[in-house]
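Let me begin by presenting the structure, written as structure tokens, before commenting on it.
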Amino acid sequence: MGTHEGKSIKEAGFECLMIQWQHVKRLIPLIGVMMLTLTGCGKPYLSALDPKGPVAEMQLSLIKLSLYIMIGVVLVVAIIFTYVLIRYRKRPNQDGIPEQVEGSAKLEILWTVIPIILLIILAVPMVSQTFTLAKDYSGESDTVRVKVIAHQFWWEFEYPDLGIKTAQELYIPTGKKIQFEITSADVIHAFWVPALGGKIDANPGMVNKMWLEADEPGVYQGRCAELCGASHALMDFSVIAVSSGEFEDWVKEMKTPPTETVDADLAKQGEEFFNQSCITCHAVNGTGGNFGPDLSTFGDRQKIAGILEFNEENLERWLKDPQGVKPGNKMPNLNLNDEQISGLVEYLVNLKR
Ligand code: CUA
């Protein structure tokens, strides 16, 4: 056996491994802390592990299937590894090299066939469900079609068959397939409602299709899942699932122009200001620009800018400093005075169905 500085290759190799291990050992507490921290990540209402519809259920079942197979493989390998390590370790009275074995047709067939079987078990439901999830339900009478247009950093929802346009809060009926046509007005975003399923990219100049369904009424949080700019993490939206009857009522209310509730002087003042400035970007009841979210039923929202709790204080905060609340969004700081702000607040909170 060749020697190197008086050591055998085996000894030198062992020393080298020990040095590497010394380095790795130092990282173990750090990795442990990072893992613990990561398990604390996520919010219960943004979890794919608590499915509320058939798509999310299918996706979770695939996650579980692949996880169980992987756990099985890791366990079997670890057990065999530990057994071999102990059973064939070097005994004190043992000298020389043990009997050398090369090649085993039996073993090689075994460890080729087992992974193939595991991959087939994984592939069959995976491929069949991929086709189920990619189905386009547009043509079916019971389906609700929704066009989703992602913007930096908000979501536009259009119901082409119902003639309704809204933003940030998506109403859907339970127990019906919602067929989405998803695109973007600027950069690449991704549409994701963890409790219902997903996710799919929103690409500019392209339409991606996906369907979702909610089993029970509830508010499900959605979020952008593609880094799209400074306020990517704030690009939230809500899916509000209601019974079929309630959904029909909502559609009717959305299509009837709101009765004149704006009568107070302050609100009138706000409306005038809105019609001079904000209307370039924001539409109300079909009049106005398309650059910002449609505000026709703003007073019914559950959130302001998709992230703040809906109340007058937060609306004031938003109007005063939209860039502070959602950095990089396309609404400029307008330097409004207190009177303009209180007028706008009064006007906007009264925009209701
Ligand atoms: Cu839009 Cu991230």
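For this structure, a couple of remarks:
- H282 contributes about 30 Å² of solvent-accessible surface, heavy atoms of the protein only, 1.4 Å probe.
- Ranking by accessible area, most exposed first, for I9, I200 with a 1.4 Å probe: I9, I200
- Ordered from largest to smallest accessible area (heavy atoms of protein chains, 1.4 Å probe), the residues W155, W111, W21 come out as W111, W21, W155.
- Gaussian network model of the chain, springs between alpha carbon atoms under 10 Å - residue of D294, D215, D142 with greatest fluctuation: D142
- K10 paired with R89, simple spin-label distance in nm, labels 7 Å along Cα-to-beta-carbon: 1.7
- Measuring r between the beta carbons of Q276 and E246 and using R0 = 30 Å, the FRET efficiency lands at 0.25.
- The value of relative contact order for segment 216-257, using C-alpha pairs under 8 Å at least six residues apart, is 42 percent.
- Ordered by 1.4 Å accessible area with all protein chains kept, E11, E213, E226 run largest first as E11, E226, E213.
- Report summary: the helix-based calculation at 222 nm, which adds -39500 (n - 2.57) for every DSSP H run with n ≥ 4 and divides by the residues of the chain, gives -13500 deg cm²/dmol.
- Mean separation of Cα contacts under 8 Å, 6 or more apart, over the residue count of the chain: relative contact order %: 15
- Long-range HN-HN contacts of W155 with modeled amide H, under 5 Å: Q168
- Accessible surface for Y220 stands near 20 Å², nearest 10, in the context of the full protein assembly shown (1.4 Å probe).
- Measuring nothing but how far apart in sequence close Cα pairs (under 8 Å, 6+ apart) lie, relative to its length, segment 191-287 scores a relative contact order of 20 percent.
- A straight Cα-to-Cα reach below 24 Å connects K303 with the lysines K43, K52, K147, K165, K199, K252, K255, K268, K320, K326, K330, K352, residues fewer than 8 places away in its own chain not being considered.
- Beta-bridge orientation, the chain: approximately 70 percent antiparallel, per DSSP, counting only bridges with both partners inside.
- Gyration tensor verdict on segment 217-353 (Cα atoms; rounded if a/c is under 1.5, prolate if a/b is larger than b/c, oblate otherwise): oblate
- Axis of helix 338-349 versus longest Cα principal axis of the chain: the two differ by about 80°, to the nearest ten degrees.
- Cα shape, the chain, gyration tensor, a/c 1.5 rule: prolate
- Solvent-accessible surface (1.4 Å probe) assigned to T280 amounts to roughly 100 Å².
- Shape category assigned to segment 7-106 from the gyration tensor of Cα positions, a/c cut at 1.5: oblate
The values are calculated or read from the model by the stated rules, or taken from the named source; none is laboratory data. Bear in mind the structure is a predicted one, so any value in this text is a computation, not a measurement. In this analysis, Cβ positions are derived from the backbone assuming ideal geometry, glycine residues included, and neighbour counts consider all displayed protein chains. Surface accessibility is based on the protein's heavy atoms, side chains included, excluding ligands, DNA and RNA. Shrake-Rupley method; radii C 1.70, N 1.55, O 1.52, S 1.80 Å.
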